[in-house]
1. As an exercise: evaluate Tyr235 against (1) of a type outside the set (A, V, I, L, M); (2) assigned by TED's automatic domain parsing to the domain that holds Ala328; (3) without any contact (Cβ under 8 Å) to a residue 60 or more places away in the chain and give the number of the one condition it does not meet.
2. Checking Tyr26 against (1) assigned to a loop (DSSP other than H, G, I, E, B); (2) over 30 Å from Glu173 (Cβ atoms), which test does it fail?
3. Among the residues of segment 22-32, are any out of contact with any Lys or Arg (no Cβ under 7 Å at 6 or more places or on another chain), exposed (fewer than 15 other Cβ atoms within 10 Å of the Cβ), outside the structural domain of Ser358 (by TED's automatic domain parsing) and at pLDDT below 95?
4. Sort out which residues of segment 382-404 are of a type in the set (Phe, Trp, Tyr), surrounded by fewer than 21 Cβ atoms within 10 Å (Cβ to Cβ) and under 30 Å from Val79 (Cα atoms), and write them in order of number.
5. How do the strands (runs of 3 or more DSSP E) wholly within segment 452-557 filter down when requiring 2 or more residues that are without any contact (Cβ under 8 Å) to a residue 60 or more places away in the chain and under 19 Å from Ser571 (Cα atoms): which remain?
6. Is at least one residue of segment 380-390 in contact with a His (Cβ under 8 Å, 6 or more places away or on another chain) and either outside any loop (DSSP other than H, G, I, E, B) or of a type in the set (S, T, N, Q) (or both)?
7. Checking Leu567 against (1) under 28 Å from the mean Cα position of the chain (by Cα); (2) touching a residue at least 24 places away in the same chain (Cβ under 8 Å); (3) farther than 29 Å from Pro675 by Cα, only one condition comes out false. Which one?
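The values are calculated or read from the model by the stated rules, or taken from the named source; none is laboratory data. These numbers come from a predicted model, not from an experiment. A quick note on method: Cβ atoms are made from the backbone with ideal geometry, for glycine too, and the neighbour counts reach across all protein chains shown.
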Amino acid sequence: MKTRSLNIINLHQGNTEQKRQEILSYYNQQLALEEQLYSALATENAFYQRADPLRHPIIFYYGHTAVFFMNKLILAGLVDARTNPELESIFAIGVDEMSWDDLNEQHYNWPGVAETSAYRNKVADLVRHLIKTLPLKLPINWESPFWPILMGIEHLNIHIETSSVLIRQLPIEMVKANTFGKRCTQTNLAPKNELVQVEGGLVKLGKEKDHRLYGWDCEYGEASEEVKAFQAAKYLTSNQEFLGFVEAKGYKTKKYWTEEGWNWCNYKKAEHPLFWIKENQKYKLRLLDEIIAMPWDWPVEINQLEAKAFCNWKAEQTGEPYRLPTEAEWLHLYEINQVPDVDEWKQAPGNINMEHYSSSCPVNQYQFGDFYDLIGNVWQWTETPINGYNGFKVHPLYDDFSTPTFDQKHNLFKGGSWISMGNEASKHARYAFRRHFYQHAGFRYIISEENPKIEDNSYETDTEVALSCENNYGKNVLGTNNFYEEISHIALELLHSPKNSKILDINCETGRLAFELAKSGAKITALDASARFIKVAFRMQEQGSIKYIVKNEGDLVYFREKQLKDLNVNSEMAQNIQFMQVDASNTKTIFTGYDMIIATSLLHELYDPGKFLNAMSQRINKDGILILSSTYNWDIKNTKKENWLGGFKKDGEPVYSFEHIKEVLSADFELIKKPFDLAKVSRLSSREFAFNQEEVSIWKKKS
């Protein structure tokens with residue numbers, strides 16, 4: 001295959017006119033390749049087939065990449081009018097089986113291929129015009145008008161690959177052979193795999209914001225991991241090696257599979273990899289556009305669930321802890337073997353970037369140090385579900401590229417395949433699919449005594465919890481200070497020796513008050529009745545950050561990340577807190593001996609607030625401080641009316657909640673400050689807020 005003229009755009013080097021021509025050439029090159037891919041379809045009818053029941057017909061993807069360009073150009077303010085509003089609605093969304101994907105064919109009136117092609121040409125002319133005329137200044141960064149142009153090109157690269165997988169699943173008679181590159185014709189006996197010892201080391205993940213190459217938002221940020229020594233397979237797992245699992249009835253043996261994997265296996269009635277074709281007890285292999293005799297020395301192509309099952313089978317056979325590598329372990333192999341990044345290639349060092357073949361090739365053809373195929377041939381599944389690194393920020397032009405996959409259901413694969421180009425072929429590329437999905441993907445196994453470190457950094461979408469996160473950690477709004485920060489200032493001013501104090505924070509929600517108090521060195525016990533809220537606070541404590549989604553307007557949302565360091569809280573301070581799930585109306589007697597108890601936004605939520613108040617004297621030390629705050633917004637859904645502390649008339653006279661509280665507490669506490677109102681503003685969406693005044697009362701336990 002002819003060497004590609006351009007691997008990727010360097011965002012820093014060169015002069016502006018040179019860079020403009022590079023980008024134009026890059027776009028034209030990739031667009032021509034996409035057209036070549038679709039030319040492999042033998043009939044127009046093939047465009048309207050759903051190769052995968054979880055995907056749209058092929059025609060959708062033919063139109064989608066152009067519509068993506070239009071949507072991003074409009075969003076970026078680079079164009080102000082749509083080219084074809086109807087087509088741009090039809091071809092807008094449909095990549096993953098998310099809730100917003102509409103796969104009901106009755107909802108679509110697909111246009112003809114010629115109409116779609118004409119639309120693509122119009123958009124291409126527009127994009128070329130913009131590349132030639134937009135102001136260009138180096139370096140190109142997120143704010144540059146050329147960023148959405150590059151975003152569209154790299155998105156096109158993704159769909160060249162994913163569409164090739166769909167075409168590979170069409171009936172073979174719908175595809176023309178030898179129209180998309182030149183496949184590998186080399187095959188021989190598969191080499192016997194062997195394990196190579198790999199020394200451990202510190203691995204730094206993520207790339208800096210001003211990196212010289214384009215990146216998707218999930219690539220930026222920082223993380224580090226100390227990788228322990230492990231053994232890694234010299235070769236990717238070949239078809240021959242995987243055959244052992246098939247012949248051992250691995251697809252029929254539940255114990256090798258995760259629960260998710262076994263459910264998939266039964267649903268699909270799988271007996272072997274998807275692209276294997278069994279005829280007369282012999283196997284053939286389906287490629288993009290033809291069926292060939294099984295090349296046993298090529299890498300097997302499977303989903304993550306199958307790769308995981310193979311490792312479990314291998315572990316049982318040998319007694320060794322076989323598994324897939326983590327993202328950090330894969331990167332460690334990449335770095336210690338000094339694999340050059342994509343912009344450093346004169347020629348691709350592996351079967352990648354479509355520089356060598358339009359198919360896989362033998363697993364022992366491209367060597368990197370002691371290993372083969374560290375990049376290229378097929379993607380390599382990992383143990384790691386994708387999440388954002390610390391400091392992750394959503395790019396405003398494509399806010400749903402990464403975050404929908406931060407759900408622990410999408411695993412990373414690394415290294416690229418024979419068709420991976422541009423960003424896909426780069427060192428920092430981070431792509432993830434659902435574990436049961438197929439791409440041109442296989443795996444390399446490792447042996448490690450270390451259990452993979454899997455962090456759940458998924459975005460909190462529970463509306464109540466997410467609103468609590470925003471109200472606890474979001475920016476101050478409507479000219480008010482953060483309620484929890486204000487309470488912490490009040491509380492700490494009342495403690496003579498905070499470092500030697502014990503504080504009980506009741507109704508802690510997602511934890512802001514506890515973290516503010518912990519900065520003093522006090523020991524904090526933070527309680528909440530809901531595990532939904534506590535888990536967020538605990539994640540902030542353990543991982544140093546939380547992520548959540550809040551409403552913007554209509555169906556639009558914001559993706560938030562908040563970090564402990566933003567509160568000036570370090571990990572040592574955070575360990576001063578013990579978070580626990582406890583019902584404040586029925587708290588165990590072990591929660592005693594506190595120098596201060598704070599109960600915010602709580603009384604009006606309790607089913608028996610009087611009982612709660614009566615117990616305070618048993619939980620607090622002499623001279624201890626009790627801080628209460630409430631709106632007294634009594635509701636019979638939470639509190640029976642006979643348990644209300646106030647807000648009603650008795651004997652014709654109004655009963656106010658504070659007076660009842662004073663009556664209950666006066667035997668053991670003295671009021672040390674006149675009650676006062678403190679604003680608590682909750683952001684419900686971009687322009688909708690709930691404004692409350694909580695009455696704060698401060699009490700001291702009598703000696």
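1. Every condition holds for Tyr235 apart from (3).
2. The single condition Tyr26 does not satisfy is (1).
3. No, the conditions are met nowhere in segment 22-32.
4. From segment 382-404, those of a type in the set (Phe, Trp, Tyr) are 389, 392, 398, 401; that's our starting set.
When the remaining residues are screened for being surrounded by fewer than 21 Cβ atoms within 10 Å (Cβ to Cβ), the result is 389, 398, 401.
Tyr398, Phe401 - these are the residues of segment 382-404 that are of a type in the set (Phe, Trp, Tyr), surrounded by fewer than 21 Cβ atoms within 10 Å (Cβ to Cβ) and under 30 Å from Val79 (Cα atoms).
5. Values: elements: 502-506, 523-528, 545-551.
The strands (runs of 3 or more DSSP E) meeting that bar are 523-528.
6. Let us first name the residues in segment 380-390 that are in contact with a His (Cβ under 8 Å, 6 or more places away or on another chain), namely 385-386.
Narrowing further to those that are either outside any loop (DSSP other than H, G, I, E, B) or of a type in the set (S, T, N, Q) (or both): 385.
Yes, some residue in segment 380-390 is in contact with a His (Cβ under 8 Å, 6 or more places away or on another chain) and either outside any loop (DSSP other than H, G, I, E, B) or of a type in the set (S, T, N, Q) (or both).
7. Among (1) under 28 Å from the mean Cα position of the chain (by Cα); (2) touching a residue at least 24 places away in the same chain (Cβ under 8 Å); (3) farther than 29 Å from Pro675 by Cα, Leu567 violates only (3).
Every residue, every condition in (1) assigned by TED's automatic domain parsing to the domain that holds Ser686; (2) crowded, with 21+ Cβ neighbours inside 10 Å; (3) under 30 Å from Ala270 (Cβ atoms), yes or no:
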site: Gly376; (1), (2), (3): no, yes, yes
site: Gln380; (1), (2), (3): no, yes, yes
site: Phe406; (1), (2), (3): no, yes, yes
site: Lys409; (1), (2), (3): no, no, yes
site: Phe413; (1), (2), (3): no, yes, yes
site: His428; (1), (2), (3): no, no, no
site: Lys453; (1), (2), (3): no, no, yes
site: Val477; (1), (2), (3): yes, no, no
site: Thr480; (1), (2), (3): yes, no, no
